[in-house]
Amino acid sequence: MQKIFGVVVAAVLLSTNNSGTSVAMSDAADGIDEMFDASSQVASDRESIDVASLLSAARGATPVICSLAAQSVRGWGWGNWSDAPVTPLGKTVVVRESDSRDRALSSADVQLLLQSLESDDACVREIGVRMIGRSGSPAINSGLIERLGSPSASLRSVAALGLGLAEPPEAVDPLIRALRDSDTGVRANSAWALGNLDSGRALQPLLGIVGDNAEPVREAAAVAIGRLDSTRAASTLIRVLRQDDSPSVRRVAAWALGELEARVGVEALSAALGGDSDARVREMSAWALGNIESHDASGALLGAARRDADDKVRETAVWALGQIEDGSVADALAQIAASDKNSRVRGTAAWAIGQMRDDGGRVPSALLRLLTDESADTRLKAAWAVGQIGDSSALSAIHAAIKVERVDEVNRALIRALLKSGERSEAALTQLIDSKDPRVREAAVRGLAGRSSFNPWPWPQPRPRPFP
């Protein structure tokens with residue numbers, strides 16, 4: 001297992017560009033995945049892994065290297081809980097979803113891993129808890145619960161983290177008691193773990209700590225409440241959104257209201273979208289309103305899409321309008337699509353218009369102008385939207401766009417728009433046969449054959465905003 005750390009070092013070096021600046025850690029981890037997968041057959045042939053060697057190799061590793069190595073061992077059960085409030089490495093760790101396979105651990109390994117939680121080395125504790133968190137071993141679960149009562153705050157904190165990863169039902173009551181712990185990290189991790197366990201018994205205790213004096217605890221409690229899927233918590237979340245002095249806590253309260261699809265929260269979310277001082281809160285409020293899909297939010301969303309100074313807030317607001325599919329604001333969205341300075345906002349506005357008007361009607365002239373936008377992504381979404389509307393009056397604009405378009409993917413979307421807008425001219429389609437892109441040629445052939453139902457392009461979507 002010591003070789004894993006050597007692989008990590010190589011990945012970090014390979015992820016450095018010519019100027020010496022490291023690229024995103026998740027990109028480096030992709031390289032680790034490929035190399036690690038290459039040896040997966042050898043690893044799977046073994047009955048167990050060399051836990052002692054792995055933990056020994058972890059000692060003294062730098063946080064970045066330890067983080068990447070921890071991702072490499074997630075095949076033994078890393079999970080996808082990247083939002084844990086307090087981990088041994090802190091916010092250095094970047095977790096990405098990956099398939100995991102349970103691997104048998106001997107009783108000696110179980111004890112070794114439990115002992116690793118008491119190490120004075122953060123990397124040892126990090127890898128130890130990540131490995132045991134998904135083991136499914138009753139001995140590990142009972143060991144974690146036992147350590148939840150340790151005199152050491154750091155051990156109690158990592159034990160709560162492990163229980164949130166392992167999710168044993170018998171941990172609910174011990175974790176509820178741990179919400180009253182004197183240590184911030186223990187309370188935060190316990191709240192987060194209870195959200196993962198998804199037990200209704202935890203709702204009332206979690207509601208009781210949304211006023212905790214520590215920001216990480218309040219934030220973890222709001223996230224957990226959002227996961228428990230009970231609209232009984234909506235009034236408390238609304239109060240948090242309106243009154244908490246921490247932008248991070250207000251943001252996750254907005255997320256939780258959207259996750260619960262709490263219609264009673266539309267007014268508070270609309271107010272936060274229009275008036276919160278923090279752009280992250282406004283952005284998440286827009287996402288939540290889109291997830292709730294209430295037409296009552298259209299006015300607030302349109303106002304944010306027109307006037308908010310933050311690009312991400314405007315983009316999320318027009319995405320939310322597309323989710324709500326309120327056709328009465330389509331013309332206003334077309335003006336935003338034509339005038340916004342940010343290409344992502346323009347493209348998402350075009351997508352939203354396509355969402356609203358997929359049953360015919362007239363294509364807004366502003367949407368047709370986007371067919372020649374400077375951004376290829378915006379042109380793609382505009383072409384998709386024009387195709388959704390299927391207006392024959394748009395044919396001349398589509399033809400003009402095809403003549404100058406140089407991006408194959410956009411050209412395919414334009415061909416689709418031609419067919420859906422009623423183009424059946426053999427001359428118009430035959431000229432596309434000579435395209436260098438075989439998929440464009442295929443689209444033209446399908447068109448000549450009278451088959452307009454094909455859809456060989458990705459469905460244009462904006463960036464997702466689903467998580468706090």
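Nothing in this text is a laboratory measurement; each read-out follows from the coordinates by a stated rule. All values reported here derive from a predicted model rather than from experimental measurement. Counting neighbours? That spans all protein chains shown, and the Cβs are built from the backbone with ideal geometry, glycine included.
What the table below lists for this structure:
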item: Residue-count net charge about ARG263 - beta-carbon cut-off 10 Å; Lys, Arg +1, Asp, Glu -1; result: -4
item: Label-to-label distance, nm, for residues given as HIS295 and ASP434 (7 Å Cα→Cβ offset); result: 5.1
item: Cβ-defined net charge surrounding ILE238, 13 Å radius [Lys, Arg +1; Asp, Glu -1]; result: +3
item: Residue order, fewest to most surrounding Cβ atoms within 10 angstrom, among ARG346, ARG369; result: ARG369, ARG346
item: Segment ALA400-SER106, extension gain: residue separation times 0.36 nm, minus the distance between their alpha carbons; result: 99.0 nm
item: Radius, Kirkwood style, for region 322-427 when every pair of distinct Cα atoms is counted (Å); result: 13.2
item: P(r) tail fraction, region 171-310 - alpha-carbon pairs more than 20 Å apart, %; result: 42
item: Packing-based exposure ordering (other Cβ within 10 Å, fewest first) of GLU267, GLU259; result: GLU267, GLU259
item: Signed unit charges on C-beta, dipole axis of region 272-367, positive-most listed residue VAL329, SER298, VAL345; result: VAL345
item: Cβ-based net charge around PRO169, under 14 Å, with every Lys or Arg adding one and every Asp or Glu removing one; result: -3
item: Interatomic Cα distance distribution for region 125-221, bins of 5 angstrom, percent; result: 2, 16, 29, 25, 18, 7, 2, 0
item: Kirkwood Rh, angstrom, region 337-376 [1 / mean 1/r, Cα pairs]; result: 10.4
item: Loop trypsin sites (Lys or Arg not before Pro), region 148-211 (other Cβ atoms within 10 Å of the site Cβ: 15 or fewer; DSSP); result: ARG180
item: Burial ordering of LYS420, LYS381, LYS341, fewest other beta-carbon atoms within 10 Å first; result: LYS341, LYS420, LYS381
item: Label zone at SER365, where the point sits 7 Å out along the Cα-to-Cβ direction: region 331-359 residues whose backbone N lies under 13 Å; result: 335
